[in-house]
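Every number here is computed from the coordinates shown, using simple stated rules; none is lab data. Since the structure is predicted, the reported quantities are computational estimates derived from the model, not experimental observations.
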Amino acid sequence: MSLFGRDRAPRRGTPFGWLIVGLGNPGKEYHHSRHNVGADCIELIARRVGAQLRAGRDKALVAETTLAGQRCVLAFPTTYMNLSGEAVGALVRRYGIDEPTKIVVVHDELDLAPGTMRVKVGGGLAGHNGLRSITQHLKTQDYVRVRIGVGKPNSKEQGANHVLSRIPAAEREVLDVMIERAADAVEAVVELGPDAAMARFNGA
């Protein structure tokens with residue numbers, strides 16, 4: 001059943017304005033890895049607004065809050081990355097998100113160098129398993145992405161180890177700055193809209 005088509009199921013609960021999702025893998029072994037920068041960003045936004053992420057019914061840690069005066073749901077799927085869409089699809093239904101452009105997904109991006117962050121609406125998946133799962137469940141690619149650059153490994157075969165391994169301290173400092181910037185970008189998307197956020201953050 002298509003979430004954003006004519007046969008979409010009726011909403012389960014009170015509608016919210018935005019769903020903001022940070023991608024990553026659950027478990028201490030993946031905490032602060034390159035693959036979990038999206039999760040780090042969601043945790044930062046929650047701290048900024050004084051919200052606490054709690055286990056919910058939809059395979060995700062969730063916080064209901066207000067951001068830039070709008071009702072928002074912050075979420076970190078507790079599935080593994082390649083099943084992220086299970087949580088996102090369920091959350092879209094539960095919270096009555098009625099447009100894909102009201103979904104913001106924060107994720108790691110191999111095609112961007114460390115120290116780079118970009119906002120994007122729709123587009124390709126760049127081989128990202130989390131985005132692929134979300135697209136399969138939503139039946140659309142037209143959601144907003146906040147992309148945090150983690151750089152490419154020396155070879156394709158090293159891809160999994162690159163995104164899942166611990167990060168050297170110097171690179172971690174760079175990523176922490178980009179996570180802060182990504183959180184700023186999410187707030188701008190909610191307050192001003194995706195186009196204004198892209199104009200503000202993509203040129204820097």
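Quick notes
- DSSP beta bridges confined to region 18-201 are antiparallel in about 50 percent of cases.
- Note on the chain: helix-only mean residue ellipticity at 222 nm, from DSSP H runs of 4+ residues weighted -39500 (n - 2.57) and normalised by residue number, equals -11000 deg cm²/dmol.
- Among N36, N25, N129, residue whose mean-square fluctuation peaks in a GNM of the chain (springs only between Cα atoms under 10 Å): N129
- Shape of region 18-201, Cα gyration tensor, a/c cut at 1.5: rounded
- Candidates P114, P100, P168, ranked by Gaussian network fluctuation over the chain, Cα under 10 Å, top entry: P168
- Under-5 Å amide H pairs with V105, H placed in peptide plane, nonlocal only: V21, V144, R145, V146
- Computed from Cα positions, the angle between helix 129-138 and the longest principal axis of the chain comes to roughly 10 degrees.
- Residues whose amide H comes within less than 5 Å of that of L67, counting only those at least five positions distant or on another chain, are C72 (H built at 1.01 Å from N in the peptide plane).
- Using a Gaussian network model of the chain in which every pair of alpha carbons under 10 angstrom is joined by a spring, one finds that among R48, R118, R166 the greatest mean-square fluctuation is at R48.
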